[in-house]
Amino acid sequence: MTAETSVPSTALLAGADRDGSNYTARHLLVLEGLEAVRKRPGMYIGSTDSRGLMHCLWEIIDNSVDEALGGYCDHIEVILHDDASVEVRDNGRGIPVDVEPKTGLSGVEVVMTKLHAGGKFGGGSYAASGGLHGVGASVVNALSARLDVEVDRSGNTHAISFRRGVPGSFASAGPDAAFEPGGLRKTKRIPKTRTGTRVRYWADRQIFLKDAKLSLDNLHQRARQTAFLVPGLTIVVRDEYGLGEGGRGEESFRFDGGISEFCEYLASDKPVCDVLRLSGQGTFKETVPVLDDHGQMTPTEVTRELGVDIAMRWGPATTRRSGPTSTSSPPPRAAPTSPASSRPSSRR
């Protein structure tokens, strides 16, 4: 609704009279697929300033973290390239490359172009998830001038590029290169044991504010926090753009001690006792939207597993504080809990 009239903004866009007297069904504007994301990006990433730019990066990183939470990935690399693009690599299972029967598209195209599509809506692909995947991947794609995906799977490297959400291939490097629409293609043979996904994107400056920029400090904080909460996971952040005060550099985060080590990291005083761990697990039921055989989202009751893992210790100056899970965005400030939920999400 606008301050000038009671006619919804979609109707104004479709040409209804300003006073609302000629407001009929033909004035309703229906935005399909990723078009809606580009028209109203704030509905999906909150804003188009630096916060929105960081949100896009979190979405892609969380894809890889979800693979690690499932036990399929132990190495994630985040690269800030010198051409202002961002790349996230992992050694997980790789986005599915076979054809999804309901859409006739490859799994990569479904994940990158369809909202509310992914392996975490109700299937058995993921026991735990960090957020709203699938929605995140497709939204980042829609808000990128160019996005490249490479998937190592089934003995081949599969590749596809997107220009503002449209699948195809670029003739050369950079978002301004000549583009030809197309689909997923095989680029080379690899050992069948090699798997993983690489996503590189150039944020669309038609969407984001001119002064929007990534924060290397926030990226380091998020990487450190995630590495604490997912023991055995290595996260490497390589800055080739020079965002840091010392110019280009690389930081690596890995903490095999998990949240016990996180607890020691957060506590600055001398310990009075060893770190105590409390854990438990159970199940609960909830209703989530699941894609049915007719391509419709149908409310379906599913059973989820819920795990809780807590680390704590006392010191001379101990105060009671709670900390983040693997999906929280603010920097860690307190004694943590580990990733505990199997929240449904729409990620790949």
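List of remarks:
- Lone qualifier among Lys270, Lys285 - being assigned to a loop (DSSP other than H, G, I, E, B), out of contact with any His (no Cβ under 9 Å at 6 or more places or on another chain) and open to solvent by 90 Å² or more (accessible area, probe 1.4 Å): Lys270
- Of all the listed residues (Arg222, Arg248, Arg313, Arg277), the sole one being among the basic types (Lys, Arg) and under 23 Å from Glu59 (Cα atoms) is Arg222.
For (1) open to solvent by 70 Å² or more (accessible area, probe 1.4 Å); (2) out of contact with any strand residue (DSSP E or B) (no Cβ under 9 Å at 6 or more places or on another chain); (3) closer than 24 Å to Gly52 by Cβ, each residue gets a yes or a no:
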position	(1), (2), (3)
Leu147	no, no, yes
Arg163	yes, no, yes
Ala177	no, no, no
Glu180	yes, no, no
Arg198	no, no, yes
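- When restricted to residues that are part of a loop (DSSP other than H, G, I, E, B) and either open to solvent by 60 Å² or more (accessible area, probe 1.4 Å) or aromatic (Phe, Trp, Tyr) (or both), region 182-196 contains 4.
- Top-ranked residue of region 57-83 - restricted to ones that are β-branched (Val, Ile, Thr) and part of a helix (DSSP H, G or I), ranked as farthest from Val139 (Cα to Cα): Val65
- Taking every residue in region 266-290 that is touching a residue at least 60 places away in the same chain (Cβ under 8 Å) and within 17 Å of Glu301 (Cα to Cα) and pairing it with any residue that is of a type outside the set (Gly, Ala, Ser) and surrounded by 10 or more Cβ atoms within 10 Å (Cβ to Cβ), at least 6 positions away or on another chain, the pairs with Cβ-Cβ distances below 6 Å are Val288/Val302; Val288/Pro344; Pro289/Met297; Val290/Phe121; Val290/Thr298; Val290/Thr300.
- From the list Asp66, Asp83, the one residue that fits, being farther than 21 Å from Ile207 by Cα, touching a residue at least 60 places away in the same chain (Cβ under 8 Å) and not small (Gly, Ala, Ser), is Asp66.
- Selection count where residues are assigned to a strand (DSSP E or B), open to solvent by less than 30 Å² (accessible area, probe 1.4 Å) and touching a helix residue (DSSP H, G or I) at 6+ places or on another chain (Cβ under 6 Å), scope region 165-175: 0
- Test: residue in region 151-158 that is buried (at least 20 other Cβ atoms within 10 Å of the Cβ), touching a His at 6+ places or on another chain (Cβ under 7 Å) and at pLDDT below 95: no
- Check on Ser161, without any contact (Cβ under 8 Å) to a residue 60 or more places away in the chain and part of a loop (DSSP other than H, G, I, E, B): no
- In region 236-267, residue farthest from Asp83 (Cα to Cα) [restricted to those that are in contact with a His (Cβ under 7 Å, 6 or more places away or on another chain) and open to solvent by 40 Å² or more (accessible area, probe 1.4 Å)]: Glu251
- Against the list (1) at pLDDT below 90; (2) small (Gly, Ala, Ser); (3) closer than 21 Å to Gly70 by Cα, the condition Ser268 fails is (3).
The values are calculated or read from the model by the stated rules, or taken from the named source; none is laboratory data. For clarity, every value in this text was computed on a predicted model and none was experimentally measured. Glycine gets a Cβ as well: all are built from the backbone with ideal geometry, and neighbour counts include every protein chain shown. The protein model used for the area step is the full one, side chains on, heavy atoms only, and it has no ligands, DNA or RNA in it. Shrake-Rupley method; radii C 1.70, N 1.55, O 1.52, S 1.80 Å.
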